[in-house]
Amino acid sequence: MKMKKLFKGIAIAGLSFNLMLVGCSSNTYGLTREEYKLVDKYYEADEMVEELKKFGHSDEEIEKQLRAALAQVKFETAN
């Protein structure tokens, strides 16, 4: 009985750790998570990325577009 509980605890801990890693490894295309979230707030970055991928843009081109959007957000929120 003790072994069964031990294995269950190990499995739950392992699954929790894997889920944490998945959350940390999402591609933000060179932006920090905070920068990506800021772009997402104003321009829906996830949809932007999906559209750019659909039209065959490379990761580098997507990063340039996200950085341009970030610069625009910073410019508009500074004024």
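We did not get these values from a lab; they are worked out from the coordinates using the rules stated. Computed from a predicted structure; not experimentally measured. When we count neighbours, we look across all protein chains shown, and the Cβ atoms used for this are built from the backbone with ideal geometry, even at glycine.
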Checklist line | Residue (of 75, 36, 56) at the positive-pole extreme of the stretch 33-78, dipole from beta-carbon charges | finding: 75
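When you count, for each residue, the other Cβ atoms within 10 Å and take the mean per peptide, how do 42-50, 61-69 rank with the highest first?
Numbers: 42-50: 15.2, 61-69: 17.1.
Ranking the peptides 42-50, 61-69 by packing returns 61-69, 42-50.
Suppose the chain between residue 32 and residue 61 were pulled fully straight at 0.36 nm per residue; how much longer would it get relative to their current alpha carbon spacing?
On the way: separation 29, 0.36 × 29 = 10.44 nm, distance 1.67 nm.
The span from residue 32 to residue 61 would gain 8.8 nm if fully extended.
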